[in-house]
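Enquirer: One structure is given below, represented as C-alpha cells, and several questions about it will come after.
The values are calculated or read from the model by the stated rules, or taken from the named source; none is laboratory data. Being a predicted model, the structure only gives us computed values, none of them experimental. Neighbour counts are summed over all protein chains in view; Cβ atoms, including those assigned to glycine, are modelled from backbone coordinates with ideal geometry. All accessible areas refer to the heavy atoms of the entire protein, side chains included, with ligands and DNA or RNA removed. Shrake-Rupley method; radii C 1.70, N 1.55, O 1.52, S 1.80 Å.
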Amino acid sequence: VPHGDRTLRAIWTPGHTPGHICLHDEARDVLLTGDHVLPRISPNIGLTLIEDDPLSSFISSLERVAEFDSAEILPAHEYRFRGIAARTVALLQHHQERCDEIAMVLRTVGEATAWQVTEKLTWSRGWENVKGVMRRSALAETAAHMQYMRKKGTLELLDGTVRRWRLAEAM
C-alpha cells in the first residue's frame, strides 16, 4: 500500500472480521494492528454469516503477526505497545481457557443451546451487566468458540429444530 514516500505491507489477518488486515511499515518497524491485536483486551471474535470458523482464522492470523515482535504495535484501541509475540500467546491462552470453560459448562448441564452456554460463562463485567448489543456480541463469540470446538471434534451439534450442543462422545 503506497503511503507518501514509503510503502506499507498488508498482512491478511481475518478473525475479528473476515477481511481484516494489519499494515506493516518495514522502514519504521511499526505494525498497525487495527482491532486484531489489542494491548489489554481480546477483540470480539464472533460467528458471522460470511465465515464458518472465525476463531480458527483468528488463531492463524495471530501466528502470522507474532513474527513482527520487534515492531512497535499501533492498535485501533487503547495504547501503543511492544512485544506482540507475548501478547499473541496471551490471546491464544485466553481462547483456550474459553473453550475449556464451555466444555465445563456442557459437562455440567449435558446438552444446551449456545445462549444457555453463553449466560453461564465468565464475563469480565459479569453477565448481569452485559446488556443490549453486547449480549448479541457475547452470543456470537460463544458460538464462534463452539463452532471451533466442533471443527476440532470436541463438541457436537445435535439435529433438531433447536440448535443444541453437547460434548463429543470421545470426551
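Enquirer: Within 25 Å of Leu167 (Cβ to Cβ), among the hydroxyl-bearing types (Ser, Thr, Tyr) and surrounded by 17 or more Cβ atoms within 10 Å (Cβ to Cβ): does that describe Thr118?
Expert: Here the answer is yes, as Thr118 does meet what is asked.
Enquirer: Out of the residues in the stretch 151-169 that are open to solvent by 100 Å² or more (accessible area, probe 1.4 Å) and in contact (Cβ under 8 Å) with a residue 12 or more places away in the chain, which is nearest to Gly46 (Cα to Cα)?
Expert: The qualifying residue nearest to Gly46 (Cα to Cα) is Lys151.
Enquirer: With the condition kept exactly as written, say whether any residue in the stretch 118-126 is in a helix (DSSP H, G or I) and modelled with pLDDT of 95 or more.
Expert: Yes, that holds for at least one residue.
One line per residue, one yes/no per condition, for (1) closer than 24 Å to Leu49 by Cβ; (2) polar (S, T, N, Q); (3) within 20 Å of the chain's Cα centre (by Cα):
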| site | (1), (2), (3) |
| --- | --- |
| Tyr79 | no, no, yes |
| Ala86 | no, no, yes |
| Leu92 | no, no, yes |
| Glu119 | yes, no, yes |
| Val130 | yes, no, yes |
| Val162 | yes, no, no |
